[in-house]
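The values are calculated or read from the model by the stated rules, or taken from the named source; none is laboratory data. Fair warning: this is a prediction, and the values are worked out from it, not measured in the lab. Glycine gets a Cβ as well: all are built from the backbone with ideal geometry, and neighbour counts include every protein chain shown.
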2 protein chains.
Amino acid sequence: MGVDPRFMRTFVTVARLESFSAAARELGYTQSGVSQHVAALEADLGMTLLRRRPVAPTEAGARLLEHASAILLRLDAARAEVVRTASGPPGRAHVGATPLSAGAAARALAAARRTLPAVETIVRVGERDAIAVAVATGELDAGIVDGIAAPGDPLRLPDTGLPVAEFVEEPLAIALPPGHPLVKRRSGLRLEDLVDARWIEAPGVTTSLATLAMHARAEGFRPALRYDGLDVGGLLALVEVGEGLALLPARVVEHGVALASPALVHRTELLAPEGTALRLAD
Amino acid sequence: MGVDPRFMRTFVTVARLESFSAAARELGYTQSGVSQHVAALEADLGMTLLRRRPVAPTEAGARLLEHASAILLRLDAARAEVVRTASGPPGRAHVGATPLSAGAAARALAAARRTLPAVETIVRVGERDAIAVAVATGELDAGIVDGIAAPGDPLRLPDTGLPVAEFVEEPLAIALPPGHPLVKRRSGLRLEDLVDARWIEAPGVTTSLATLAMHARAEGFRPALRYDGLDVGGLLALVEVGEGLALLPARVVEHGVALASPALVHRTELLAPEGTALRLAD
DNA sequence: GATGATTACGGACGCCGTAAGCATA
DNA sequence: TATGCTTACGGCGTCCGTAATCATC
């Protein structure tokens, strides 16, 4: 009846590794134990969740998987937040940042240095959701992430219950190669006008084209090229040689055209438990 | 180490009822069992979660509470969604609707009647989050809810993993008493211009003033009057006699002024598991 | 036949009720 | 003193490992 969350943990591991025995190794159980975990889940729900040999989720198992990882994440977040209340003054400041917010992270740390004692400090640059998860689970003490959103709207992050401590919104611009006819055009461009343009998919740096399409409420936005780097310079270089366009905060775009005003903004959020010493304000 | 989710369930119940024995009665345990549940949680997390006599959450307990209800909801939603995959063709159509979307619900049902067999049908009108939760946990088969949002943005609902099957967006208007100087003004009004107006807080019908303030990115919006009804007519009547203003879909507003265009829209969403026969389209 | 999942079984642990103890209003 | 939470203890169910069985590539 109660369904131990560890069973779900083994279930998602088995599904990910597509193997009972591999999951057993990873989790420190025996092959038999893993089998029993899955069997218990299946008995509790009254249906088979995995097809065996090859191991693959059934229809029901696939549905459970979507929920299971979210639940496990939130469980970890809950534990982390509770134990955080017990810890005294911070002896460390491990901060995560997305590439476009690394500058903001640096300034925030510098400002905090004035009041903070000399604690061990680490800055880690990574993908947005990964940073949010790391902060929620207590692996990091604060995170600064960015993305595009409607004005006033929080970023769409994995559901961890983590509060947005602060945020800053900036105008967006479409980065273009220098000399492009649209550069420095008087009036701003609407995103919908550029569905058929050659876009660069750079999920590590800026919003993926899929979410961009959702905000523009338009189909299309097919990637001409994919950039897997975690830095803005590389992406801008690709734009400059004409490989494609990218939507970025106007601040970092040298050659480009502003986005028609209030539809979308670039948003930088500070994710941290209450009482953080960091400030985004400039 | 594993923490049975039932422990969290008892924990939130104890916190809600502020009593171990009352929680025991409600959950069908003995007083001793409840005590042991809480003790197990406290032991697992290594800190006390509740102060006794009077029963009140500690700092750590309060943090846990925020997560616990979300986790329990998602657990119920996961179970409901998995068992739904097993159920064959629907033998019933229990549909929930918020007051402002009851009309849309009626039309959707009428349209579905053409293809659907004569199944038992119930329409329940209720508060927005309650309907979302009921659909997620399988209590209802579909829900139609409404609220205000930025164009293209989904409504902010409790995190259940439930997909938005369909949605419709409409312009908003500020309902005014007839003869009000602003009625039928040429240009639309911005929300920020009306922070100091007399607003009616009607959480059962339209968005609460708190979320309204968040979208307008402005403080203020203090309620002049609170309306606890679940119907639009009563709210409009209050507006008409000059008790205050309300933000509503333009469709239902007879005397009023349109909202300056693209900032906010009224959004109606169909919440249902995949494969629903309902359609919002008109 | 080898790899890998399931079933059988036993020890240990954990859940929960009964009943006694203890603290606070 | 009474109400209400905690602790002691015992039965039963559950978890998980070892080992044997079964199935699939």
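Things worth noting here:
- Per-region count, the range B:252-282, residues among the β-branched types (V, I, T) and part of a loop (DSSP other than H, G, I, E, B): 2
Yes/no per residue for (1) surrounded by 13 or more Cβ atoms within 10 Å (Cβ to Cβ); (2) under 30 Å from A:V168 (Cβ atoms); (3) under 18 Å from the mean Cα position of the chain (by Cα):
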{"site": "B:L176", "(1), (2), (3)": "yes, no, no"}
{"site": "B:G204", "(1), (2), (3)": "yes, no, yes"}
{"site": "B:T207", "(1), (2), (3)": "yes, yes, yes"}
{"site": "B:G220", "(1), (2), (3)": "yes, yes, no"}
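- Condition met for B:L236 (aliphatic (A, V, I, L, M), within 23 Å of the chain's Cα centre (by Cα), crowded, with 21+ Cβ neighbours inside 10 Å and outside any loop (DSSP other than H, G, I, E, B)): no
- Yes/no for B:A150 being at pLDDT 80 or above and farther than 19 Å from B:L212 by Cα: no
- Failed item in (1) assigned to a helix (DSSP H, G or I); (2) away from DNA strand C (no atom under 16 Å from the Cβ); (3) within 14 Å of chain A (Cβ to nearest Cβ), with B:M47 passing the rest: (1)
Per-residue answers, yes or no, for (1) over 16 Å from the mean Cα position of the chain (by Cα); (2) aliphatic (A, V, I, L, M):
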site	(1), (2)
B:L140	no, yes
B:G143	no, no
B:D146	no, no
B:R156	no, no
B:L162	no, yes
B:H180	yes, no
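- Residues that are within 14 Å of another protein chain (Cβ to nearest Cβ) and among the aliphatic types (A, V, I, L, M) were ranked within the range A:239-261; the one that is surrounded by the fewest Cβ atoms within 10 Å (Cβ to Cβ) is A:A260.
- In this entry, A:A112 passes the filter for residues that are surrounded by 16 or more Cβ atoms within 10 Å (Cβ to Cβ) and not hydroxyl-bearing (S, T, Y).
- Breaking point among (1) of a type outside the set (D, E, K, R); (2) surrounded by 16 or more Cβ atoms within 10 Å (Cβ to Cβ); (3) more than 14 Å from chain B (Cβ to nearest Cβ), for A:L264: (3)
- Tally of residues being of a type outside the set (D, E, K, R), within 13 Å of chain B (Cβ to nearest Cβ), within 11 Å of DNA strand C (Cβ to nearest atom) and touching an Asp or Glu at 6+ places or on another chain (Cβ under 9 Å) across the range A:1-39: 3
- Taking first residues from the range A:40-58 that are within 16 Å of A:T13 (Cβ to Cβ) and partners that are aromatic (F, W, Y), the Cβ contacts under 6 Å between residues at least 6 apart in sequence or on separate chains come to A:A40/A:F7; A:L41/A:F7; A:L41/A:F11.
- Just so you know, in the range A:1-54 the residues that are among the β-branched types (V, I, T) and near DNA strand D (Cβ under 10 Å from one of its atoms) include one that is nearest to B:F7 (Cα to Cα), and it is A:V3.
- Close pairs (8 angstrom Cβ cut-off, 6 or more residues apart or separate chains): outside any helix (DSSP H, G or I) in the range B:1-30, within 11 Å of DNA strand C (Cβ to nearest atom) and not aliphatic (A, V, I, L, M) anywhere: B:M1/B:D44; B:G2/A:D4; B:V3/B:D44; B:D4/A:G2; B:D4/A:D4; B:E18/B:P54; B:Y29/B:T10; B:Y29/B:H37
- For the range A:82-109, a residue qualifies if it is over 29 Å from A:T206 (Cα atoms) and buried (at least 22 other Cβ atoms within 10 Å of the Cβ), and exactly one does: A:V82.
- Flag if B:A62 is closer than 29 Å to B:H215 by Cβ, within 14 Å of chain A (Cβ to nearest Cβ), over 19 Å from the mean Cα position of the chain (by Cα) and in a helix (DSSP H, G or I): yes
- Among the strands (runs of 3 or more DSSP E) confined to the range B:77-153, the ones with at least 3 residues that are within 21 Å of B:E170 (Cα to Cα) and away from chain A (no Cβ under 14 Å) are located at B:142-149.
- For B:A136, the requirement of being surrounded by 18 or more Cβ atoms within 10 Å (Cβ to Cβ), touching a Gly at 6+ places or on another chain (Cβ under 8 Å) and more than 13 Å from B:L157 (Cβ to Cβ) is not met.
- Restricting A:G204, A:G229, A:G179 to residues that are in contact with a Phe, Trp or Tyr (Cβ under 9 Å, 6 or more places away or on another chain) and either modelled with pLDDT of 90 or more or in a loop (DSSP other than H, G, I, E, B) (or both) narrows the list to A:G204.
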